Structure formats: structure tokens, C-alpha cells
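**Q** Please find one structure pasted underneath; my questions will follow.
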Amino acid sequence: MSSLLVISRHPPAAPAAREALDLALAAAAFGVPVGMLFLDAGVLQLLKGQEAALIKQKSLTANLQALSMFDVEDLFVCQHSLSERGLTPNQLLLPAKPVEGSEIASLLEHYDQVVTL
């Protein structure tokens, strides 16, 4: 049973951002195929060069980089959400595939479970 985690609401400084990544890593550790879709404010979690220490938070970088070690390789980012924020895929820490609205609908159908965080 495959799962898609939709990360949409939490900026990188929110504790829920780390919890969402922990959920993906835990599921993958138990052999659940996991994909992740970052959209809306969730795309901000993927930005390179964030300095979490400035706001007295732990960086998400290590958690994000651990995704590939746990075989979480299906990473997607909403192109519209990037464009709304003046961002491009080359500004992201991970190689997430940009997807458009129609592709997102197909993604949702492809996975057995969809969890929105």
C-alpha cells in the first residue's frame, strides 16, 4: 500500500514541518512506499540555505536529505505554488519534480492513501 504525503500548510519553522518529515521517514522505515507532494506554504520547506538557528529552530536539512536514504524518492512540488512565491526548482534543496494541477490530480489517484499535513 503506497502513501502520498501532501505537505501544504507548514512553513519550515513550524514544528509540524518536522513532524511531517518524521512521518515520511517512519513509514518508509517500515517498508511503506512513500511519495511527498509539497504545495502552498509547504514548498518553503525545500528551499536551500535556510538558517534555522537564527530563529532558534533545528534545521530541516538533515531530515530532508535523509529521505533518499529511506528510499523516499518520489518527491513532487507544485509549480504554481513555486511561481506564486517567485521560486524556481533550482532553488530547492532536493530534486523534487515540478507538477501542474492536472498532474496533481493523477498523483492523488496513483497512491492508495493520501495524507494531508
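The values are calculated or read from the model by the stated rules, or taken from the named source; none is laboratory data. Not measured: the values here are computed from a predicted model. Don't worry about glycine lacking a Cβ; one is built from the backbone with ideal geometry, like all the others, and counts go over all protein chains shown.
**Q** Among the listed residues Val99, Val77, identify the single one that is among the β-branched types (Val, Ile, Thr), at pLDDT 90 or above and out of contact with any helix residue (DSSP H, G or I) (no Cβ under 6 Å at 6 or more places or on another chain).
**A** Of Val99, Val77, the one residue that is among the β-branched types (Val, Ile, Thr), at pLDDT 90 or above and out of contact with any helix residue (DSSP H, G or I) (no Cβ under 6 Å at 6 or more places or on another chain) is Val99.
**Q** Another question, then. Name the one entry in Thr116, Thr88 that is among the hydroxyl-bearing types (Ser, Thr, Tyr), on the phi < 0 side of the Ramachandran plot and at pLDDT below 90.
**A** Thr116
**Q** Name the residues in the range 1-26 that are modelled with pLDDT of 85 or more, more than 26 Å from Glu100 (Cβ to Cβ) and of a type in the set (Gly, Ala, Ser), would you?
**A** Correct list: Ala26 only.
**Q** Collect the residues in the range 38-48 that are modelled with pLDDT of 90 or more and either closer than 13 Å to Leu67 by Cα or in a loop (DSSP other than H, G, I, E, B) (or both), keeping them in residue-number order.
**A** If the condition is that a residue be modelled with pLDDT of 90 or more and either closer than 13 Å to Leu67 by Cα or in a loop (DSSP other than H, G, I, E, B) (or both), then Leu39 is the only one that fits.
**Q** Please determine, by comparing only the residues of the range 64-110 that are exposed (fewer than 14 other Cβ atoms within 10 Å of the Cβ), without any contact (Cβ under 8 Å) to a residue 40 or more places away in the chain and aliphatic (A, V, I, L, M), which one is farthest from Leu47 (Cα to Cα).
**A** So the residue we want is Ala105.
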